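Following: one structure in structure tokens, then a few remarks.
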Amino acid sequence: MNSNGPTFPHRMVIRRIALVMVLINFTVAISFLVIARRQVRQMTACLIILESEQQKIQQVRDELNTCRQQVEILAMLDKRAVGIDEQDYQSLARVMIEQSRLYGYSPELLLALIQVESSFNNYAVSDKGAIGLMQLQPETAEYLCSHLDLSWQGPHTLFDPHLNIRLGTYYLSLLHERFQDLNCALEAYNKGPSRVSTQLASGLQVQGVFSRDIDRYHLEFKKKIGRI
């Protein structure tokens with residue numbers, strides 16, 4: 001009998017035990033992998049649901065903000081508007097919000113521009129021939145209509161407050177893009193872009209009474225939103 005090590009039957013048993021242990025460990029590892037994959041899927045599903053809920057919350061916030069802006073604009077129109085049918089207030093408020101978002105301006109800025117330009121008088125006509133809420137020159141408005149593919153029926157077209165706001169906001173955006181500065185764009189809106197370009201070329205300060213008045217009303221109107 002050999003006493004130096006396990007016998008052949010003993011070695012077979014040891015190998016079988018080792019194989020069983022490997023199989024057990026492999027089974028346990030597979031089980032952990034399956035559980036981990038299930039947990040990853042569950043976490044992914046939870047993240048998708050969370051993201052969806054966050055989007056819904058943001059959507060509700062945006063809708064509340066829009067409602068608040070509409071209330072403010074309606075209050076402004078009710079208090080200040082001249083020559084505008086009350087039935088058009090709601091649609092005008094929507095146009096202002098739509099145009100402000102389209103070109104990246106706050107509705108309060110558009111309100112301020114209307115206040116300074118025409119004091120909300122839809123039938124305002126300046127000594128120089130600028131017409132309507134946002135005081136546009138007919139030749140400028142005709143040019144803008146051609147760019148926006150809008151119908152131009154002559155100067156009286158500018159007495160449509162919806163169209164006047166669309167054209168005025170678009171014109172401001174063009175000037176803003178040209179001068180890369182809002183104050184310069186506002187002064188160009190009032191004085192004309194050629195005059196502002198000449199001032200800039202001469203190294204003169206562009207900001208004047210007009211843009212300062214806009215800033216003042218802009219801040220005033222923004223404060224009113226917080227009280228609604």
(message) Among the listed residues Leu92, Leu77, Leu47, Leu102, identify the single one that is free of Cβ contacts under 8 Å to residues at least 40 places away in the same chain, surrounded by 10 or more Cβ atoms within 10 Å (Cβ to Cβ) and assigned to a helix (DSSP H, G or I).
(response) Leu47
(message) Taking the condition of being small (Gly, Ala, Ser) and assigned to a helix (DSSP H, G or I), how many residues in region 142-179 meet it?
(response) 3
(request) Just give me the residues in region 155-169 being without any contact (Cβ under 8 Å) to a residue 40 or more places away in the chain, out of contact with any Gly (no Cβ under 6 Å at 6 or more places or on another chain) and among the aliphatic types (A, V, I, L, M), in sequence order. (result) Leu163, Leu167
(message) assigned to a helix (DSSP H, G or I), surrounded by 10 or more Cβ atoms within 10 Å (Cβ to Cβ), at pLDDT below 85 and on the phi < 0 side of the Ramachandran plot: which single residue out of Val28, Val71 fits that description?
(response) Val28
(message) So, in region 188-228, exactly how many residues are of a type in the set (Gly, Ala, Ser), modelled with pLDDT under 90 and within 27 Å of the chain's Cα centre (by Cα)?
(response) 1
(message) I need a count of the residues in region 170-195 that are in contact (Cβ under 8 Å) with a residue 12 or more places away in the chain and basic (Lys, Arg).
(response) 2
(request) Would you confirm whether any residue within region 173-186 is surrounded by 20 or more Cβ atoms within 10 Å (Cβ to Cβ), more than 25 Å from the chain's Cα centre (by Cα) and over 22 Å from Ala93 (Cα atoms)? (result) no
(message) If Gln137 satisfies all but one of (1) closer than 16 Å to Asp213 by Cβ; (2) surrounded by 15 or more Cβ atoms within 10 Å (Cβ to Cβ), what's the number of the condition it fails?
(response) (1)
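The values are calculated or read from the model by the stated rules, or taken from the named source; none is laboratory data. Since the model is a prediction, treat every value here as computed from it, not as a measurement. As a convention, Cβ positions derive from the backbone with ideal geometry for all residues, glycine included, and neighbour counts pool all protein chains shown.
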